[in-house]
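Down below is the structure, laid out as structure tokens.
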Amino acid sequence: MLATWKNPVFALPEGAGADQLAILGGTPVAEISRALLDNATVVEQWGKKFILAVSAAGDLFAVDQHAADERVRLEELRGALLAPPPRSRPARGQPPPPSPIPTAVLGRPQRCQLTASELATLRANASLAWRWGWRWEDNAAPGATAGLTGGAALLAEDDGVPLLSLGGDAGVSLTGLPTVEGTAMGAEALAEYLREIAAIGVTSAPPPALQRLLASKACRGAIMFGDLLSRDDCAALLSSLRRTQLPLHCAHGRPTAALLAPGVVAAAADADELTPTKRRRMLAQRARKERHVIWSLVEQAAPETA
């Protein structure tokens, strides 16, 4: 099926030259892997958008400079904020350990509209919501406990984090919101997290709203298309990308790299005799030729717009 499938968006135009067919036929995206980045050498920045590099195996590939830096920044933000919970078990009756997410205390409580199911999930998983920075008062519980949640009782401990129990059924009012770099996550974000817990159970993953927020922060602070990078800048970015957990995808799931010409260096008969300068020059010439062909195919295949 895949062998006969034709891409309806970027279909190969009629009359394509042999060099175009060879290039498109020799770019197996399925071979993209983490190993491509190991010991890779930067060739040059292309169009203030991509970093051209060659792998240790001689494969020429391009890295999206924005997507790559976005991935690096996302994991840096996650690493700074989402520290693992402490392993030590606090003494019974002591406050829970600090939340990894800063909490902005509200001037006065805000009523949190939750469904009966969401409220039940909150009360059954109060320590999780607390860990991610939400603070609230239980409107049905007599006597609020400052710094924790209104009417909360420390019942047990799970992995070093006290479990909280809330009584009553009159709903809750938020007294503090998790805040990341000035952006707060309110009642809707809490409700979404509670629905996720009810649907898939308890996990160590951050609340969906927090994941989207970190991705947005990483995107806005990342290197953009149009930013000029030196070869040292490009090398530093590739080095940082190699150290990430998911180097092949940006914060939103898009690919960070694309294979352009497998074995371009290995195929050269005198590859072992090339000096670093000649090697970079050869790669740059090959990259310029192939990017010209690829862009010509895109322009020919793209529908005309008014």
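The values are calculated or read from the model by the stated rules, or taken from the named source; none is laboratory data. Everything numeric in this text was worked out from a predicted model, so none of it was measured. Cβ atoms come from the backbone with ideal geometry, glycine included; neighbour counts cover every protein chain shown.
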Quiz item: Quick one: which of ALA30, ALA67, ALA35 is modelled with pLDDT of 90 or more and not in a loop (DSSP other than H, G, I, E, B)?
Solution: ALA67
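On the given criteria, is VAL172 closer than 20 Å to THR103 by Cβ and among the β-branched types (Val, Ile, Thr)? Step through it out loud before you land on a result.
Details: closer than 20 Å to THR103 by Cβ: yes; among the β-branched types (Val, Ile, Thr): yes.
Yes.
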Practice problem: Restricting attention to segment 249-266, report how many residues are surrounded by fewer than 19 Cβ atoms within 10 Å (Cβ to Cβ) and closer than 24 Å to ALA57 by Cα. | Solution: 6
Exercise. Please identify the pairs in which a residue from segment 132-144 that is surrounded by fewer than 20 Cβ atoms within 10 Å (Cβ to Cβ) has its Cβ atom under 7 Å from the Cβ atom of a residue that is modelled with pLDDT of 70 or more, counting only partners at least 6 apart or on another chain.
Key: ASN139/GLY171; ASN139/VAL172; ASN139/SER173; ALA144/GLU137
Quiz item: Can you tell me how many residues in segment 75-89 are at pLDDT 85 or above and among the charged types (D, E, K, R)?
Solution: 3
Quiz item: Of all residues in segment 242-264, which are in contact with a strand residue (DSSP E or B) (Cβ under 7 Å, 6 or more places away or on another chain) and not polar (S, T, N, Q)?
Solution: LEU248, HIS249, PRO255, ALA257, ALA258, LEU259, LEU260, ALA261, VAL264
